[in-house]
Amino acid sequence: MNLEITGTGSYIPELKVPNSDFLKHSFFGPKGDAIDQDPQLTIDKFREITGIEERRYARADQQTSDLGTIAALRAIEDAGIDPETLDGIIVAHNFGNIPHGKIQSDILPSLATRVKHDLKIENPNCIAFDILYGCPGWVQAMILAYNYIKAQQGERYLVIGAETLSRKLDPHDRDSMIFADGAGAAVVEARKNNLKRGILSTASQTFTNEEAYYLSYDVSNDPNTEDQTRYIKMKGQKIFQFALTHVPAAMKTCLDRSGLSIDQVKKVLIHQANEKMDEAIIKRFFRLYKKETPADIMPMSIHLLGNSSVATVPTLLDLLRKGELEGHSLEEGDVILLASVGAGMSINAITYRV
């Protein structure tokens, strides 16, 4: 029995936010010190490091579950299935629904429950639950679905990654320019055939000693504000070094478990966190096999979509499957590696044959 992705869908919000929109922001360092650098220089440096030119934000009338529902509908249509036949819906996110202009997260009921409701699924045997696992949440939700199916807890799951990070950003923190909104989804199901395809192997790790609070919540960097709203905060350099040290090894563990060679890998779909970091991770991964990095191995979407956390990998997969990434394509039999890293700090990977 193989566990195959039979349909994918994504929702990329219409609202484009270019880097130039941040020229009017007053930035402060994590200790409240004003950053007096010319805003244009700040933005140019940001683009050089991250590769981000613009990002997408959800409309004011949309919430995270709405984005997830749209991506889910597209994945269901792509798979050509009746949603009533789903055995489960898993939604990966980090902050729940946050109405525009509000600060409180809403996860009651769960986002998966809301998506199932919006899809008008009546089948009570279709379970619906959320997973909080930082940016690697969607990949981990896929691993969960894989294990549920292997344990004979159903044969067909809908796995969604959705986020509206724009609702949790400190406008006085330069890191706020990284994050974006979006959603991606996939239908994964058991298929009985003699071909070795679908999910071939997985790997997951969580590091919590020094690493647990590399991403966390804290008040604004602006020392002049009395607002006690808490925002996403990250220790960028520590995350960068952590990723370069641990992610390539985890990816190697995953690939080695599949029994395949590095030369069989057609594409690596890595969490769109930071262009320079992703390039360095891939380079180190291939070095573990004493190989040079192929020029076309890593599709990227971060330049125009930013970092939408759990949505980056499924969105990238959907764009790749549907031929919407210039210079990249997939054919039957191709081997791809999905990998992600984020808050926790957690890492995971999946080896997959198309």
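The values are calculated or read from the model by the stated rules, or taken from the named source; none is laboratory data. Remember, it's a predicted structure, so these values are computed and weren't measured experimentally. All Cβ positions, glycine included, derive from the backbone under ideal geometry; neighbour counts span all protein chains shown.
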Worksheet item: Which one of the conditions (1) surrounded by fewer than 22 Cβ atoms within 10 Å (Cβ to Cβ); (2) touching a strand residue (DSSP E or B) at 6+ places or on another chain (Cβ under 8 Å); (3) among the hydrophobic types (A, V, I, L, M, F, W, C); (4) not in a strand (DSSP E or B) does ILE49 fail to meet, given that it meets all the rest?
Response: (2)
Fill in: Residue in region 223-245 that is over 30 Å from PRO171 (Cβ atoms), basic (Lys, Arg) and surrounded by 15 or more Cβ atoms within 10 Å (Cβ to Cβ) present
no
Response to the item:
Of (1) surrounded by 18 or more Cβ atoms within 10 Å (Cβ to Cβ); (2) in a strand (DSSP E or B), PHE129 satisfies every one except (1)
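One line per residue, one yes/no per condition, for (1) hydrophobic (A, V, I, L, M, F, W, C); (2) modelled with pLDDT of 95 or more; (3) within 13 Å of GLN140 (Cα to Cα); (4) not assigned by TED's automatic domain parsing to the domain that holds MET277:
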| residue | (1), (2), (3), (4) |
| --- | --- |
| THR315 | no, yes, no, no |
| GLY323 | no, no, no, no |
| GLY327 | no, no, no, no |
| LEU338 | yes, yes, yes, no |
| GLY344 | no, no, yes, no |
| ALA349 | yes, yes, yes, no |
Discussion item. Let me confirm something: among ILE199, ILE160, which residue is among the β-branched types (Val, Ile, Thr) and either surrounded by fewer than 22 Cβ atoms within 10 Å (Cβ to Cβ) or under 17 Å from the mean Cα position of the chain (by Cα) (or both)?
Written reply: ILE160
Worksheet item: Residues GLY80, GLY32: which one is out of contact with any strand residue (DSSP E or B) (no Cβ under 9 Å at 6 or more places or on another chain), touching a residue at least 60 places away in the same chain (Cβ under 8 Å) and more than 20 Å from VAL310 (Cα to Cα)?
Response: GLY32
Worksheet entry | Residue selected from region 297-318 under the condition in a loop (DSSP other than H, G, I, E, B) and out of contact with any strand residue (DSSP E or B) (no Cβ under 8 Å at 6 or more places or on another chain), by the criterion surrounded by the fewest Cβ atoms within 10 Å (Cβ to Cβ) | MET300
